[in-house]
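Okay, so here's the structure we're looking at.
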Amino acid sequence: MPKRSANLDLMFSALADPTRRAMIERLARGPANVSELARPLKISLPAVMQHLQTLEQSGLVTSRKVGRVRTCRIQPKRFDAVQAWLGRQRAEWEARFDRLDAFLEKNEEQDDRSKPRS
């Protein structure tokens with residue numbers, strides 16, 4: 001479990017930054033070289049490379065250098081762990097809200113029965 005948790009920590013950390021999320025959104029449309037990733041961003045090429053390194057360390061993105069061109073690709077299967085974790089959290093919260101609804105309905109019924117009828 002600790003390794004899985006560490007992997008999730010890296011992925012969530014990588015996704016916490018809006019620049020990296022923008023890069024992920026671009027790569028979701030298909031592979032892109034670093035220059036293509038940098039073009040819409042208002043940051044330097046070295047900063048783009050640092051963000052890319054973080055994404056690669058998280059496993060969400062891979063890159064391959066051929067000659068002078070580094071092409072990046074998203075790793076969609078890596079998002080399964082994020083989606084699974086979020087799904088578990090959602091299920092837990094939905095169960096809590098269901099229990100709260102049942103509790104409130106029960107108390108409402110008890111209040112209705114305890115009110116004097118006129």
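Every number here is computed from the coordinates shown, using simple stated rules; none is lab data. Note that this is a predicted model, so its numbers are computed, not measured. Because the Cβ atoms are built from the backbone with ideal geometry, glycine has one as well, and the counts that use them run over all protein chains shown.
Annotations for the structure displayed:
- Calculated FRET efficiency, LEU41 to LYS65, Cβ-Cβ distance, R0 = 25 Å: about 0.80 to the nearest 0.05.
- Candidate aspartates and glutamates for bridging to LYS106, where Cα separation is under 17 Å - those fewer than 8 sequence places away on the same chain excluded: ASP98
- When the Gaussian network model of the chain links Cα atoms closer than 10 Å, the mean-square fluctuations of ARG68, ARG96, ARG88 top out at ARG68.
- Over the chain: Rg over Rh, Cα atoms, Kirkwood Rh: 1.34
- The phi-based Karplus calculation (6.51 cos²θ - 1.76 cosθ + 1.60; θ = phi - 60°) puts the 3J(HN,Hα) values of the stretch 35-44 at 4, 5, 5, 6, 3, x, 8, 9, 9, 6 Hz, whole numbers, x for Gly and Pro.
- Relative contact order, percent, the stretch 2-75 [alpha-carbon distance under 8 Å, six or more residues apart]: 35 percent
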